[in-house]
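Asks: Got a structure here, written out as structure tokens. Questions coming.
The values are calculated or read from the model by the stated rules, or taken from the named source; none is laboratory data. The model shown is predicted, which means the values in this text are computed figures rather than measured ones. Here the Cβ positions follow ideal geometry from the backbone for every residue, glycine too, while neighbour counts run over all protein chains shown. We work out accessible area using only protein heavy atoms, side chains counted, and drop any ligands, DNA or RNA first. Shrake-Rupley method; radii C 1.70, N 1.55, O 1.52, S 1.80 Å.
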Amino acid sequence: MRAGTVAVRRFASSLPVVDVSAFQKDPNGVSRDHIQQADALKNAFTNQGFALLEGHGMTTEAMDEVIDATRTFFNQSDDYKQQYNMKGYRGYQRVGVNMTKQKRDAHEALDFFREPTPVVTGILGDYCNQWPGTPDTFQTVMSCYVSHLMETGDAVMAAISRGLDVHPDVIKKWMKDPFWILRAISYPPASKREVGGDWGEGCGEHTDYGFLTFLLTDGTDNALEVQTLDGHWLPVCDIPKGTFIINIGDMLSHLTGGLYRATPHRVKSTALQRVSVPFFFEPSWDAVITPLPGIAVSSHAQETFSGGRHYGDHLTSKVLSNFG
């Protein structure tokens with residue numbers, strides 16, 4: 001076995017596995033399971049910002065349906081896919097349209113946001129989602145996926161409140177009307193993608209924007225890479241079937257004064273096509289997130305994470321930068 005393979009497997013086995021089944025059943029429970037699960041989640045988010053999520057209640061069959069629907073859409077002709085080209089940043093982007101830090105990302109995607117409401121201002125409030133007709137189950141499958149992960153997001157946030165010893169209502173005030181984002185993504189094989197010039201990775205280094213990300217993948221190893229505290233990039237592999245990869249975004253990091261890490265990550269191209277379907281569980285559009293009082297963090301973190309951050313403004317600025 002090559003040395004690099006040993007290192008990868010060591011990282012994968014140390015990616016913490018967290019279980020939120022107790023909070024799925026009863027978000028307000030106080031059992032031993034609730035305490036243990038909340039503590040495990042806190043340790044994962046404090047040290048790595050990433051974990052493998054079990055106990056989320058979604059069946060492997062339902063997860064497979066999401067991956068299959070995604071792959072079916074992206075395997076259609078370019079002419080078909082371009083019927084759904086972006087309007088107001090909702091819809092289809094061909095390979096290279098999305099950018100990270102002025103580099104073209106080697107992936108194609110379908111982007112969906114929560115449907116507009118009066119409070120959603122700017123271009124993200126101007127258009128509705130574009131649901132493809134092929135496969136004919138796409139909208140139904142994805143809508144069920146969104147509905148389930150909204151419930152799971154509530155369960156995880158209840159566990160976070162318990163781990164921080166904060167009353168759930170304190171955090172719920174920023175989640176009265178939560179926003180969400182769904183991306184269906186296809187990464188072409190490394191042999192079929194552009195390189196050099198203004199082309200970057202499959203997806204360049206970034207942090208996510210809101211509270212939580214639930215990432216469902218097709219199981220391809222060594223694509224997602226997570227940055228460690230000392231700046232090294234380590235690939236994620238051996239993802240157990242039926243688990244989500246979960247990580248935190250900028251707004252949850254800000255809420256915890258930097259105690260929870262919004263960890264930089266990126267996606268490398270692999271030998272075969274890879275599909276993934278990240279779901280982003282977000283605060284309310286108009287939430288102004290301020291650090292929770294009394295959270296024990298370093299003085300540097302307290303200074304960096306002071307003041308309020310408006311979620312809708314933060315999201316809009318990030319989306320606009322992705323298509324500059």
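Asks: Looking at Gly210, Gly231, Gly257, Gly242, which is the one that is at pLDDT below 90 and part of a loop (DSSP other than H, G, I, E, B)?
Replies: Of Gly210, Gly231, Gly257, Gly242, the one residue that is at pLDDT below 90 and part of a loop (DSSP other than H, G, I, E, B) is Gly231.
Residues are listed down the side, and each one gets a yes or a no for (1) over 22 Å from Phe73 (Cα atoms); (2) out of contact with any Asp or Glu (no Cβ under 6 Å at 6 or more places or on another chain); (3) hydroxyl-bearing (Ser, Thr, Tyr):
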{"position": "Gly202", "(1), (2), (3)": "no, yes, no"}
{"position": "Thr228", "(1), (2), (3)": "yes, yes, yes"}
{"position": "Trp233", "(1), (2), (3)": "yes, no, no"}
{"position": "Gly258", "(1), (2), (3)": "yes, yes, no"}
{"position": "Thr270", "(1), (2), (3)": "no, yes, yes"}
{"position": "Trp285", "(1), (2), (3)": "yes, yes, no"}
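Asks: Checking Asp221 against (1) in contact with a strand residue (DSSP E or B) (Cβ under 9 Å, 6 or more places away or on another chain); (2) crowded, with 22+ Cβ neighbours inside 10 Å: exactly one of these is not met. Which one?
Replies: Condition (2) is where Asp221 drops out.
Asks: Go through segment 178-207 and count every residue that is touching a strand residue (DSSP E or B) at 6+ places or on another chain (Cβ under 9 Å), part of a loop (DSSP other than H, G, I, E, B) and within 13 Å of Arg104 (Cβ to Cβ).
Replies: 8
Asks: To continue, here is another question. For segment 91-120, enumerate the residues that are over 16 Å from Asp208 (Cβ atoms) and touching a His at 6+ places or on another chain (Cβ under 7 Å).
Replies: Val95
Asks: Related question: Kindly provide the set of residues from segment 265-291 that are assigned to a strand (DSSP E or B) and among the aromatic types (Phe, Trp, Tyr), ordered by number.
Replies: Residues satisfying the conditions are Phe279, Phe280, Phe281.
Asks: Can we say Thr140 is of a type in the set (Val, Ile, Thr) and free of Cβ contacts under 8 Å to residues at least 60 places away in the same chain?
Replies: Criteria met by Thr140.
Asks: Can you tell me which of Tyr89, Tyr145, Tyr84 is aromatic (Phe, Trp, Tyr), touching a residue at least 24 places away in the same chain (Cβ under 8 Å), open to solvent by less than 10 Å² (accessible area, probe 1.4 Å) and out of contact with any Lys or Arg (no Cβ under 6 Å at 6 or more places or on another chain)?
Replies: Tyr145
Asks: Within segment 112-127, can one find any residue that is surrounded by 19 or more Cβ atoms within 10 Å (Cβ to Cβ), small (Gly, Ala, Ser) and either outside any helix (DSSP H, G or I) or modelled with pLDDT of 95 or more (or both)?
Replies: Checked against the condition, which is being surrounded by 19 or more Cβ atoms within 10 Å (Cβ to Cβ), small (Gly, Ala, Ser) and either outside any helix (DSSP H, G or I) or modelled with pLDDT of 95 or more (or both), segment 112-127 yields no hits at all.
Asks: Restricting segment 294-324 to residues that are part of a loop (DSSP other than H, G, I, E, B) and under 14 Å from Tyr89 (Cα atoms), which is modelled with the highest pLDDT?
Replies: Phe323
Asks: Could I ask something else about it? Take the residues in segment 134-163 that are in a loop (DSSP other than H, G, I, E, B) and in contact with a Phe, Trp or Tyr (Cβ under 9 Å, 6 or more places away or on another chain), then tell me which one is farthest from Asn85 (Cα to Cα).
Replies: By that ranking, first place goes to Pro135.
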